[in-house]
Amino acid sequence: MCASKTVYPSGGFYFQVKVENETYSFKEVSGISLEITTEEIAESGENRFKYKVPTSQRYSDLVLKRGLVPENSELDRWIYNTLNLGFDKPIETKTLEVSLININGNKIMTWSFVNAWPLSWNIASLNAMNNEVLIESINLSYNYFTTKIIT
């Protein structure tokens, strides 16, 4: 008799973000997305048909959200320096790693974002009528990402 392994879908609520050698906690990570852009080409002499051909790959911006923490981490310095110090020096890129973690605390999947750099930083609206944690959002551009499934 062959023993079968029961596989369950992974929860999307337990993850970590690593920038170089430091690990950070975030409330939400979005923008892990890849699509192929296309161009339509009409068939010569035949107006009824158009063909879609691939032109390039397109990656969404990576968005990290967390409660605003007044700390002076390496991540905060990198974001500040990139967004505030002008363009007289090249933008410093980093590799970010987002890891999905299972219930036992083990990594089960990792996305590595290569040559990432901050595009924008913002905080949510200040509102005296809400009793919520103030959220900061960091938008990052990157060249591409790789995916690693850990078994």
Return yes when Ile36 is of a type in the set (A, V, I, L, M, F, W, C), out of contact with any His (no Cβ under 9 Å at 6 or more places or on another chain), farther than 14 Å from Ser99 by Cβ and at pLDDT below 90 and no when it is not.
no
Sole miss for Ile91 among (1) at pLDDT 85 or above; (2) over 20 Å from Ser120 (Cβ atoms) is condition (2)
If I ask for residues that are open to solvent by less than 70 Å² (accessible area, probe 1.4 Å) and either of a type in the set (Asp, Glu) or more than 17 Å from the chain's Cα centre (by Cα) (or both), which ones from the stretch 84-106 would you list?
Gly86, Ile91, Glu97, Asn102, Gly105
One residue from Ile150, Ile79, Ile135 being loosely packed, with under 14 Cβ neighbours inside 10 Å and either closer than 16 Å to Val29 by Cβ or in contact with a strand residue (DSSP E or B) (Cβ under 7 Å, 6 or more places away or on another chain) (or both)
Ile150
Residue in the stretch 57-64 that is in contact with a Gly (Cβ under 8 Å, 6 or more places away or on another chain) and assigned to a loop (DSSP other than H, G, I, E, B) present
yes
Among the numbered criteria (1) at pLDDT below 90; (2) among the polar types (S, T, N, Q); (3) within 17 Å of Gln16 (Cβ to Cβ); (4) under 23 Å from the mean Cα position of the chain (by Cα), which single criterion is violated by Asn72?
(3)
What single numbered condition from (1) surrounded by 15 or more Cβ atoms within 10 Å (Cβ to Cβ); (2) more than 30 Å from Val133 (Cβ to Cβ) fails to hold for Phe113?
(2)
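The values are calculated or read from the model by the stated rules, or taken from the named source; none is laboratory data. A quick note: this is a predicted structure, and the numbers were derived from the prediction, not measured. No Cβ is skipped: glycine too gets one built from the backbone with ideal geometry, and neighbour counts run over all protein chains shown. Ligands, DNA and RNA are excluded from the accessible area calculation, which covers all protein heavy atoms including side chains. Shrake-Rupley method; radii C 1.70, N 1.55, O 1.52, S 1.80 Å.
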